[in-house]
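Participant: Okay, handing you the structure first.
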Amino acid sequence: MSDLQWKIGDVTVTRVVEHSASLPASGFFAAATHERLEKHAEWLKPWSLDDDDKLTISIHALCVESEGRKIVVDTCVGQRPLPDPYSALANDGAFLTALTDAGFVPETADTVICTHMHFDHVGWNTIFVDGKWVPTFPNARYLMAQREYDHWIVASEEERFAASAITFDDAVLPLFDAGVVDLVEVDHQVTGDVALEHTPGHTPGHVSVRIRSQGEVAIITGDCMHHAVQLAEPTWHLHVDTDPHESTATRQRIVAECCDQPVLVIGTHFPPPTAGHVVTTSGGVRFQPLA
């Protein structure tokens, strides 16, 4: 699958894919009945919804170039054994080749941003070399929200597994041993054009990435939303959201801020075309993908 790329003022964002899958909508959102999905079929099909009520979900990194820096936002699943039901998502290493082909050789990355610590966002933080987990991006600083880290460091193994943070011990903790982590505030300014933005609910310290450059604005969502339908149905939440009421409020805020505004929404799990705008139509608010 070819990469997609967007320009936001002086900032460039490139999508590098690790995995794509079609999954039953009801497995994501309890409220996603056939009748409710059909209300949105006109704009969701075929790019992100099929005739069997399956949602297309993409797992990809979003690579940001800003002020001469190379920033990787979320590192997907990685190359490691995973327990069921996640085992099929493990990557064979092709992702690093794709990353290199996109111009992001791991050694050249300056910064890695973890929007949160679920397994499909931190997996390529580390690779297994000579019997231990070491940073995949050896010259990068790894940025993590202090609030996010504080939540998971005290969670039990059972709690992490139930909430999808199943690789915390091998994809997060070894980075601290290597001394490459910066624990930052949820509104941390990364460059003059790129900043973190607290978008809690999916996890307590979840952040999105806000880009403002030359009068243009974009937001990289992270998992404050998993699918474009949530921009039309912001109350639809995942069972692994730590606070469903808060995740709903976060989406409602983003919809209010972005609707009918020139804000490019880049979905961390949205399939191609991945980016677009929130617009008002006669049928209500919807996501309008870029052509």
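Participant: Compute the FRET efficiency between Gln288 and Thr12 as 1/(1 + (r/R0)^6), taking r as their Cβ-Cβ distance and R0 = 22 Å, and round to the nearest 0.05.
Facilitator: With a Förster radius of 22 Å, E is 0.50.
Participant: List, in order, the whole-Hz ³J(HN,Hα) value for each residue of the stretch 118-125 obtained from phi through the Karplus relation with A = 6.51, B = -1.76, C = 1.60 and θ = phi - 60°; use x for Gly and Pro.
Facilitator: Ordered by residue, 3J(HN,Hα) equals 5, 4, 8, 10, 10, x, 8, 4 Hz.
Participant: Which of Asp101, Asp223, Asp53 moves the most in a Gaussian network model of the chain with Cα springs under 10 Å?
Facilitator: Its mean-square fluctuation being the largest, the pick is Asp101.
Participant: State the extension gain, in nm to one decimal, for the chain segment bounded by Thr100 and Leu173, taking 0.36 nm per residue of separation less the distance between their alpha-carbons.
Facilitator: Working: separation 73, 0.36 × 73 = 26.28 nm, distance 2.52 nm.
Additional length available on full extension: 23.8 nm.
Participant: What list do you get for His237, His188 if you sort them by fewest beta carbons within 10 Å? List each step's numbers first, then the result.
Facilitator: On the way: His237 24, His188 19.
Ordered by Cβ neighbours within 10 Å, fewest first: His188, His237.
Participant: With springs connecting C-alpha atoms under 10 Å apart, model the chain as a Gaussian network and identify which of Val186, Val105, Val255 has the largest mean-square fluctuation.
Facilitator: Val105
Participant: If you count the DSSP beta bridges with both ends in the stretch 4-289, what percent of them are antiparallel, to the nearest 5?
Facilitator: Numbers: 46 of 60 bridges.
Bridges in the stretch 4-289 that DSSP calls antiparallel: roughly 75 percent.
Participant: Here is a further query. Most exposed first by the Cβ proxy, i.e. fewest other Cβ within 10 Å, how do Tyr149, Tyr142 rank? Write out the running numbers ahead of the final one.
Facilitator: Details: Tyr149 19, Tyr142 24.
In increasing order of surrounding Cβ atoms, one gets Tyr149, Tyr142.
Participant: Give the lysines reachable from Lys39 as a straight Cα distance under 30 Å; neighbours fewer than 8 places away on the same chain don't count.
Facilitator: Partners found: Lys54.
Participant: For Arg36, Arg286, what ranking results if the residue with the fewest other Cβ atoms within 10 Å of its Cβ goes first?
Facilitator: Details: Arg36 15, Arg286 21.
Going from sparsest to densest Cβ surroundings: Arg36, Arg286.
Participant: Hey, if you put +1 on the Cβ of every Lys and Arg and -1 on every Asp and Glu Cβ in the chain, which of Ala32, Val278, Ala94 ends up farthest toward the positive end of that dipole?
Facilitator: Value computed over the given set: Val278.
Participant: Using only the Cα atoms of the stretch 2-133, build the gyration tensor, take square roots of its eigenvalues as a ≥ b ≥ c, and label the shape rounded, prolate or oblate: rounded if a/c is under 1.5, else prolate if a/b is larger than b/c, else oblate. Before the final figure, lay out the partial values.
Facilitator: On the way: a/c = 2.54, a/b = 1.43, b/c = 1.77.
Verdict is oblate for the stretch 2-133.
Participant: For the stretch 89-198, give the magnitude of the charge dipole about the Cα centre (Cβ charges: +1 Lys/Arg, -1 Asp/Glu; no others), in debye to the nearest 20. Before the final figure, lay out the partial values.
Facilitator: Values: 4 positive and 19 negative charges, 27 e Å.
I would put it at about 120 debye.
Participant: How big is the charge dipole of the stretch 1-160 about its Cα centre, in debye rounded to the nearest 20, if each Lys and Arg gets +1 on its Cβ and each Asp and Glu gets -1 on its Cβ? Can you show the working numbers first?
Facilitator: Numbers: 13 positive and 25 negative charges, 71 e Å.
So the dipole magnitude of the stretch 1-160 works out to roughly 340 debye.
Participant: What is the pair-distance distribution P(r) of the chain, computed from all Cα-Cα distances in 5 Å bins starting at 0, with each bin given as a whole percent?
Facilitator: The percentages, shortest bin first, are 1, 6, 13, 18, 20, 18, 13, 8, 3, 1, 0, 0.
Participant: Something else about it: For the chain, with only Lys/Arg (+1) and Asp/Glu (-1) charged at the beta-carbon, what is the dipole magnitude about the Cα centre, in debye rounded to 20?
Facilitator: Details: 18 positive and 41 negative charges, 107 e Å.
For the chain, the charge dipole is close to 520 debye.
Values quoted throughout were computed directly from the atomic coordinates according to the rules given, and no laboratory measurement underlies them. Please read these numbers as outputs of a predicted model, since none were measured by experiment. Counting neighbours? That spans all protein chains shown, and the Cβs are built from the backbone with ideal geometry, glycine included.
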